[in-house]
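Bear in mind that the values in this text are calculations on the coordinates, not laboratory data. Being a predicted model, the structure only gives us computed values, none of them experimental. Glycine gets a Cβ as well: all are built from the backbone with ideal geometry, and neighbour counts include every protein chain shown.
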Amino acid sequence: MLAILLLCQPTPLHAQSSSGPAVPNPPPATPQPAPTTADATVASPSAANPPSQPDAPPPPQPPAVDMPLVHSVIATALEFLGPRTLEPHSSRDFTLWGLGCLTALDPTLTFDSRGANIQLLAGPQPLLSRTAPPADSTDEWAKLATDFLEAARAHSTAVHAAERDDLLQAFFDELFNHLDPYSRYIGPSSASTDREARTGGEADAGITLAQNGRYIVVSAINANGPAWTSEIDTGDRVLAVNSQSTTGQSAATVTEWLRGPEDSALMLRLLSPGQRRAHTVTLRRAKVPPETVFAFVSGPIVVLRVTAFSSDTAEEMSQYLDQATQDKNLRGLIIDLRGNRGGVLQQAVTAAALLLDHGVAAVTSGRDPQSNHIWAVQGGDMTNGLPIAVLVDGRTASAAEILAAALADHRRAVVIGSATLGKGLVQTVAQLPDEGELFVTWSRVIAPLHWPLQGLGVMPQVCTSLGEADTNRALHTLASGRLANQAAITASRAARYPLTVPNILAIRKACPAALGNDRDISVARDLINHPAWYKTAIAAIPDDAAPAAQLSAAP
């Protein structure tokens, strides 16, 4: 299936104390025996591997590999890749790249694809020869790949030692070595774990427990979970779960008690701090995606730390913003995206929509018509124009960069920190017949002011990666009504695809990528507390002077 695409000691808010349509899978096709006509020759395994001596132990049997399933996986992958990669490639290209795994597994194996036939060689000896199918004949190339993998297994000890998952991983690793750095294959086990991380694993109450001396206490409440709207708060002592006492139990054990079938009843006996009488709360278990937004109050400023963009990130942000804006003394908002590696593209766009009245959050452009989209937002700013500072660093990537760029380009936030990673490519996901997943880069991201995120990253208005002395000078310059990083801001917004590496490096050197530091939040607080400084930094973003035609940058 397709899925579009990723300090101070504060006072906690309620919940915390601390990147489409299904792709049909073709039925597995059983590979036919290798033909023995003039266009195909198969070397006898016994000729390649002489019989063992009578007193030698029998050789170990190779692990069984479901070759029809291998064929189905490769055929599905070739069909999926064809129209979606950023640059056009044929099934021939993908297959021959993938079959390079045989040489990687056994260096004595090589290919000769110079003539009309594709040959697999063991040294000078031909093992298998096939007439090359038409370049875009997906199923024929999948059949060829399966036959060559099977022939290599019959000949090579190193290849036949590889199990199915290892063989497919090697095939796709070699294939994706020829594409961009982000396209990849994830095997069944890891893919299952990743899917659970995106959508939630076992059903539970959506609370986190911790040990506090002899007691088990609620340390956090997931804004996505059933406990969020219940009479449970952080610091509550858990006395019993479904009438089973927690006395003498560990936090890990009680956490296991919270898990169970989805929608099943869960009864918790709790004692709140300062209370003498316990109370009982009954919930229905639910699958809860991991929480990605953590909110803290720091005086008149709320800090939202967003660690990733999963399926519920924007909803979490909305809940925290709704809660925060109830405070009439609220002066500003800090969104901390440092270390955020991204996630689901739509969630970044929806998060931007919470803070923008209207406009384009991003543009995606690729070969597949479904990858081309202008991501426009409208609705209303939940904070009614409250000053916003966004913290970024060299690890901020992908969907997190999209949010930072959207808020900065619309003069809705001041970005503080260092140049971000510069991952402006979007992946689409296919689930394969083996339950593995294929992540394929299919579009580039263009920011609202028409500059490419890929390679360039987001250039902050206030740079903190050049050391404390330079940061202090930047603040003094800001206090005088000017922006120290103005030249880099102007150059980054004027950049257009395609950009050369020297151009990218020349812009990024003004504020080199680095890890976030403790000064970032204090700088953000200074800007929010000095409206004139904030206004100067906001005004440093140039007007949108590019013609509308540039919105759809060609890949």
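Please give the Cα centre distance for segment 66-130 versus segment 252-325, rounded to the nearest Å.
49 Å
Between T247 and T110, with labels modelled 7 Å along Cα→Cβ, what's the label distance in nm to one decimal, could you check?
7.7 nm
Each label point is 7 Å from the Cα along the Cα-to-Cβ direction; what then is the distance between the points at E262 and A494, in nm?
If labels sit at E262 and A494, their model points lie 5.4 nm apart.
Put +1 on the Cβ of each Lys and Arg and -1 on the Cβ of each Asp and Glu in segment 294-407; which of L355, L403, S371 then has its Cα farthest toward the positive end of the dipole?
Toward the positive end, the furthest listed residue is L403.
With N denoting the number of residues in segment 299-392, provide Rg(C-alpha) divided by 2.2 N^0.38 Å, to two decimal places. Don't skip to the answer; put the middle values down first.
On the way: Rg = 14.3 Å, N = 94, 2.2 N^0.38 = 12.4 Å.
My calculation over the Cα atoms of segment 299-392 gives 1.15.
Please report how far the C-alpha centroid of segment 415-476 lies from that of segment 509-541, rounded to the nearest whole angstrom.
18 Å
Please identify every one of the trypsin sites (Lys or Arg not before Pro) in segment 250-294 that sits in a loop by DSSP and has no more than 11 other beta carbons within 10 Å of its own beta carbon.
Details: sites: R259, R269, R276, R277, R284, R285, K287; in loops: R259, R276, R277, R285.
When the trypsin sites (Lys or Arg not before Pro) of segment 250-294 are filtered for loop state and at most 11 Cβ neighbours within 10 Å, R276, R277 remain.
What FRET efficiency comes out for the pair H530/Q125, r = Cβ-Cβ distance, R0 = 56 Å, nearest 0.05?
Numbers: r = 77 Å, r/R0 = 1.38.
For R0 = 56 Å, the calculated efficiency reads 0.15.
What GluC sites (Glu not before Pro) does segment 399-445 have in DSSP loop regions with at most 15 other beta carbons within 10 Å?
Working: sites: E401, E435, E437; in loops: E435.
Loop-located and lightly packed - E435.
With an 8 Å cut-off on Cα pairs and a minimum separation of 6 or more residues, tell me the relative contact order of segment 429-475 in percent. Mind dumping the intermediate values first?
Numbers: 25 pairs, mean separation 8.0, N = 47.
Relative contact order comes out at 17 percent.
For the pairs K143/K287; K509/K535; K423/K509, flag any whose C-alpha to C-alpha distance is greater than 29 Å. Don't skip to the end; give the middle numbers.
Working: K143/K287 40 Å; K509/K535 25 Å; K423/K509 17 Å.
Correct reply: K143/K287.
How big is D for segment 121-268, in µm² s⁻¹ as a whole number, if Stokes-Einstein is applied with the Kirkwood radius of its Cα pairs at 25 °C and 0.890 mPa s? If you can, show how the numbers build up before the last one.
Values: Rh = 20.5 Å.
Answer from the Stokes-Einstein relation: 120 µm²/s.
Hey, if you drop one equal point scatterer on each alpha-carbon of segment 432-555 and run the Debye formula without solvent, what base-10 log of I(q)/I(0) do you get at q = 0.10, 0.21 Å⁻¹?
-0.41, -1.21
Report the label-to-label distance for E202 and A278 in nanometres (one decimal), using points 7 Å from each Cα along the Cα→Cβ vector.
2.2 nm
Calculated FRET efficiency, D322 and S190, Cβ-Cβ r, R0 35 Å, to nearest 0.05?
Working: r = 36 Å, r/R0 = 1.03.
E(calc), rounded to 0.05, equals 0.45.
Within segment 393-422, list the residues whose amide N lies under 20 Å from a label point set 7 Å along Cα→Cβ of H358.
Inside the label zone: 406-413.
Using every Cα-Cα pair within segment 207-366, state what percent have a distance larger than 20 Å.
Details: 7443 of 12720 pairs.
Of all Cα-Cα distances in segment 207-366, 59 percent exceed 20 Å.
Normalising by the residue count of segment 443-555, find the relative contact order in percent from Cα pairs under 8 Å and 6+ residues apart.
Relative contact order for segment 443-555 comes out at 37 percent.
Take every Cα pair under 8 Å in segment 262-380 that's 6+ residues apart, average their separations, divide by the length, and report that relative contact order as a whole percent. Mind dumping the intermediate values first?
Working: 185 pairs, mean separation 21.2, N = 119.
Averaging sequence separation for qualifying contacts and normalising by length gives 18 percent for segment 262-380.
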